[in-house]
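Q: Please read through the structure below; I'll follow up with questions.
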Amino acid sequence: MEKKRSLGIFSLSTIVVGSMIGGGIFNMPKNIAQSSSVGAAIIGWTISGIGVLFLAKTFQILAVETPDVTNGIYKYAKEGFGDFSGFHSAWGYWLSNVISNASYPVLLVQTLNYFFPVIGPISGRNGIILGSILIWSVIGIALCGDIGLKFINVLATIGKVMAIFMGIIILYIGFSKQIFINNFWGGTFNHADIFTQVKGCMLQTLWAFIGIEGAVVVSDKASDIKLVGRATMIGYFISLFLYVFIVILSYGVLSEAELSALKDPALSYIIEAVIGPVGATLVNLAVLISVAGAWLSWTFLTAEIPYNVAMDGLLPKFFKKVNKNDSCSGALITNGVLKHIVFFLSLSAQNAYLVITNSASCMILVPYIFSSLFLVKMAIKHSHKRCFYWGVGATVYGFWMVYSSGMSYVFQSLAIYLIGTIYFLYDKKRRNKCKKLN
């Protein structure tokens, strides 16, 4: 079934912002404070800000220069380097999204527990049941089609951006210059050199920008392909501003030790330190809105990849199923099952949210690197120096992030990619056998 091209600049921009700003912004001050001083965090944000700017420009340029290559994250690798690379880019991007989606029920249940203590911890019976219900409720909404993507996501994005702006104002009011100075090079982390601290926060800063490709992934639904690049840059600058100010101002409200020891969602307790319990209530309400919007966006985006790969014959036909609402029903149902499995597996971790987000960040680096290498290849072919520099910058950032990820996450990602390689080779052998029989 042919998909409708119905998304304009506003809808595309809210997809990007909604994808980049989810639950992560509310835990970011705590997660970064556990490994980095504010000085190291500023360096880390600067590196990621510049690196992701190269990446955003890469997606913007490719959207304009290769308008026929839609669903970019997958197709850029396939068009540039063949089926093997394209499949692995799609495989890594798809499973990275599935893994990251499992963080949403974790954070939602933890937030709802603030209002309803009877729920208990996420690993308890009530938490597991509620998390499972939430997973399939979101899948159900996504199966209703684009109306959920355009209206619910737009309202959720506007609501959470306004709430985060309010949070920035409150943090500014409670900002203490003395606390900020004491935190600058690390009261808690004096034992670690700055380079180690910067590396420690890099995966979290990357996690903040995952979703920069949101408009590219649904580019086949854009009313005008040129809007994809514009929406990417709009989403980048809005998200960078909000993330950096939330994290940096938090270092001027509480000490590093206090920040790193906060419960989830951390921002609610930081705001509470400024204006009392009413602050925690407001932030937790914002968390519910933010996570709901981001989860919905990512549910759609995660379904797009296996659908498009299946349309090229590299995944089973089941993923090509589209229901009467124009939703990728086969992919959505499969993703629901996989997210449920990751959700259960994450419950044994001491910090389930952090483990999930770091794993997802590491997995997505391969698709990002393939996209930037595709721009480099196109630039060399057409002798476009400016495009070449953007592509090289994005590629260097991608490899730097692989280095910064740490060996445990790298090996974990390699194991998942190895499973994909085994499937690809098996499926290729099966398809070749079918061709011979025909």
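Q: Given R₀ = 45 Å, what would the calculated FRET efficiency be for ILE173 paired with ASP312, taking r from the Cβ atoms and rounding to 0.05? Each step should come with its number before you reach the end.
A: Details: r = 53 Å, r/R0 = 1.19.
After rounding to 0.05, the efficiency reads 0.25.
Q: How much accessible area does ASP312 have with a 1.4 Å probe, in Å² rounded to the nearest 10?
A: Result for ASP312: roughly 60 Å² accessible.
Q: Test of understanding: what is the full-extension gain from PHE81 to SER255, defined as 0.36 nm times their sequence separation minus their Cα-Cα distance?
A: Numbers: separation 174, 0.36 × 174 = 62.64 nm, distance 4.85 nm.
Here the segment from PHE81 to SER255 would lengthen by 57.8 nm.
Q: Give me the orientation-averaged projected area of the Cα convex hull of region 250-302, in nm², one decimal. Please list the in-between numbers first.
A: Details: hull surface 17.1 nm².
Answer in nm², one decimal: 4.3.
Q: Stretch TYR389-ILE275 to full length: gain in nm at 0.36 nm per residue minus the Cα-Cα span?
A: Here the segment from TYR389 to ILE275 would lengthen by 36.3 nm.
Q: If you roll a 1.4 Å probe over the heavy atoms of the protein chains, what accessible area per residue do you get for region 329-438, in Å²? Could the numbers behind the result be given before it?
A: Details: 5930 Å² over 110 residues.
For region 329-438, the per-residue accessible area is 54 Å².
Q: Could you tell me the extents of region 295-371's C-alpha atoms along the three principal axes, largest first, rounded to whole Å?
A: 41, 28, 21
Q: Note down the nm distance, to one decimal, between modelled labels 7 Å out along Cα→Cβ at LYS381 and at TYR423.
A: Spacing of the two 7 Å Cα→Cβ label points: 2.8 nm.
Q: Let me ask another. Given contacts defined as C-alpha pairs under 8 Å and at least six residues apart, what's the relative contact order of the chain, whole-number percent?
A: Values: 716 pairs, mean separation 148.6, N = 438.
Relative contact order comes out at 34 percent.
Q: Helix 407-437 against the longest principal axis of the chain: what's the angle in degrees, Cα atoms only, rounded to the nearest 10?
A: 20 degrees
Q: Assuming a viscosity of 0.890 mPa s and a temperature of 25 °C, what translational diffusion coefficient in µm² per second does Stokes-Einstein assign to region 281-438, Rh being the Kirkwood radius over Cα pairs?
A: Estimated diffusion coefficient is 130 µm²/s.
Q: With Rg and the Kirkwood Rh both taken from Cα atoms, where does Rg over Rh land for the chain?
A: Here the Rg-to-Rh quotient is 0.96.
Q: Going out from 0 in 10 Å bins, what whole percent of all Cα-Cα distances in region 194-350 drops into each bin?
A: Cα pair-distance distribution for region 194-350, in percent: 9, 26, 32, 23, 10, 1.
Q: Sticking with this structure for a sec: Could you tally the net charge around ASP83, taking each other residue with its Cβ under 15 Å from the Cβ of ASP83, Lys/Arg +1 and Asp/Glu -1? Show your work: numbers first, answer last.
A: Values: positive: LYS75, LYS78, LYS428, LYS429, ARG430, ARG431, LYS435; negative: GLU79, ASP312, ASP427.
Computed value for this residue: +4.
Q: Same structure again: Could you grab the Rg to Rh ratio for region 52-98? Cα atoms only, Kirkwood for Rh.
A: Values: Rg = 11.0 Å, Rh = 11.1 Å.
A ratio of 0.99.
Q: While we're here: Write down the accessible area per residue of region 74-153 in Å², having rolled a 1.4 Å probe over the full set of protein chains.
A: Working: 2900 Å² over 80 residues.
Here the residues of region 74-153 average 36 Å² of exposed surface.
Q: Right, something else. Computing the accessible area with a 1.4 Å probe over protein heavy atoms, can you report the carbon and sulfur percentage for the chain? The partial results should precede the final answer.
A: On the way: 12000 of 17430 Å².
Carbon-and-sulfur percentage of accessible area, whole number: 69.
Q: I would also like to ask the following. In what sequence, highest mean first, do 192-201, 273-282, 258-267 appear when ranked by Cβ atoms within 10 angstrom?
A: Numbers: 192-201: 18.0, 273-282: 14.9, 258-267: 21.5.
Ranking, from highest mean packing down: 258-267, 192-201, 273-282.
Q: Can you tell me which of 235-242, 51-58 comes out highest on packing, and rank the rest after it, using the mean Cβ neighbours within 10 Å?
A: Packing proxy ranking, top to bottom: 51-58, 235-242.
Q: Which semi-axes, in whole Å and largest first, does the equivalent ellipsoid of region 153-271 have when worked out from the alpha carbon gyration tensor as the square roots of 5 times its eigenvalues?
A: Values: eigenvalues 209, 65, 26 Å².
Three semi-axes, in Å: 32, 18, 11.
Q: For the chain, what is the calculated [θ] at 222 nm in deg cm²/dmol (nearest 500), taking -39500 (n - 2.57) for each run of four or more DSSP H residues and dividing by its residue count?
A: Numbers: 20 runs with 333 residues, N = 438.
It lands at -25500 deg cm²/dmol.
Q: What is the extension gain from ILE194 to ILE416, computed as 0.36 nm multiplied by their sequence separation minus the C-alpha to C-alpha distance, in nm to one decimal?
A: Numbers: separation 222, 0.36 × 222 = 79.92 nm, distance 3.18 nm.
That pair, ILE194 and ILE416, stretches by 76.7 nm at full extension.
The values are calculated or read from the model by the stated rules, or taken from the named source; none is laboratory data. Note that the structure is a prediction, hence the values are computed from the model and not measured. Heads up, the Cβs are rebuilt from the backbone with ideal geometry, glycines too, and the neighbour counts pull from every protein chain shown. Accessible surface areas use protein heavy atoms only, side chains included; no ligands, DNA or RNA. Shrake-Rupley method; radii C 1.70, N 1.55, O 1.52, S 1.80 Å.
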